[in-house]
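What follows is a single structure, written as structure tokens, with notes after it.
The values are calculated or read from the model by the stated rules, or taken from the named source; none is laboratory data. For clarity, every value in this text was computed on a predicted model and none was experimentally measured. With ideal geometry, Cβ positions are generated from the backbone for all residues, glycine too; neighbour counts draw on all protein chains shown. Note: accessible area is taken over every heavy atom of the protein model, side chains too, but ligands, DNA and RNA are not part of it. Shrake-Rupley method; radii C 1.70, N 1.55, O 1.52, S 1.80 Å.
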Amino acid sequence: MRPVHIALAVLVTALWGVNFVVIEMGLDHFPPLLFCALRFLVAALPAVFLVGPPRVAWRWVLGVGLALGVAKFGLLFIGMHEGMPAGLSSLVLQIQAVFTALFAAVVLGERPGRRRLLGMAVALAGIAVAAVDEGTAGPLIGFVLVVAAAAFWGVSNVLTRKAAPPDALNFMVWVSVVPVLPLLGLSLMFEGAGPDLDALSRLDWAGVGAIVYVAWVTTVFGFGVWGFLLRTYDASTVAPFSLLVPVFGMSSAALVLGEGISAPRWLAAALLVGGVALTSLPRPPRLRRGARRRPEVPGAGARPDAPGVGLRPEVPGVGLRTEVPGVGLRPEVPGSGLRTEANGSDGRPEPLLPESVGPEPVGPEPVGPEPVGPEPVGPEPVGPEPVGPEPSGREPGFAGDPAWSGRVGQQA
């Protein structure tokens, strides 16, 4: 990757890591479902009028919008509202790589290899360590909700892979349109109209900044740059940078929010990042043992009838070239199924010689303008005149006449 693109990839992962701290700050101003709905509303408007119509089928837009916008982010915001720390949320959410591999194996038939299975086991061990640490330090319900959010993120990843959008920014903007109304309905149902109206009436610059950051910075700008990098480089080159998200998330949460990082949490982070790396990173290619490169043979793989390739089957009496002066290539025999060419094996045109004077060679009778039957022995052949006009001033059958002088345009 070019240095400027490496800097962009690191910048996007840093913005996504800090995003968890901003979510934590935004939850102090809004109920979780209302905050999530405002995030997608601001991300969709006015960008939806600038990116053009969606370039994939509507079923994929609706499916990813519900799985990613409503389920994944809704559960994440609720889990963090229930007490899940921002730094630990950025770490636990990376278990989505394991869920993506599992759902891809069931839906897409992608069988994980032993290395990927080992990565899943290591990542799940990290989740177990984090669950024990969080269960002793805070409410476990928030941890469970964030794990469920990671599972729905895996569902949206599989749906996105099936959709294969050609433009990541266009797809993300239209996906942001879908969750707005469902999240507003769920907020009115479970959070109530009173708290929602109260939060909107007390809107300040900190709340506006949190909405703008999670909507435009992390969604529009972040996914736009990430989609550009994926179109420029292979996914195996870009994907490893996503492992930096929990690093920036945990460090920014410790610096801004004062979240402590215990020894079990460090162990959980090491197991999770290592397991996700084994699960998501591609396997380096390697040559098979004993495999050798074959030497290139000139003309190998060429068609027999290609120009310059003179490989013809040897059939007795057919297509044999003699070195006797005045005797050319014999025409093909009816029924032999072999095709003769006017050009020679070396790609250069061979002169068409006139009928030979003297006894006829042993073999099948030639097909063409020659008369049927053997030629009489003598100075001049007795029988029908050769086909085509004879050149003036010369006797018929003169051996020195070139074949094309009397039969221009004919083939042997």
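Taking a temperature of 4 °C and a viscosity of 1.567 mPa s, what whole-number D in µm²/s does Stokes-Einstein yield for segment 70-133 with Rh from Kirkwood over alpha carbon pairs?
99 µm²/s
Residues in segment 47-143 average 45 Å² of solvent-accessible surface per residue, probe 1.4 Å, ligands and nucleic acids excluded. To put it simply, the accessible area of segment 108-218 at a 1.4 Å probe is 72 percent carbon and sulfur. Amide hydrogen proximity for Val56: with H placed 1.01 Å from N in the peptide plane, no residue at 5 or more positions away or on another chain lies under 5 Å.
Between Val245, Ser201, Val178, the Cα set farthest toward the positive side of the dipole of segment 175-271 (charges on each charged residue's Cβ, about the Cα centre) is that of Val245.
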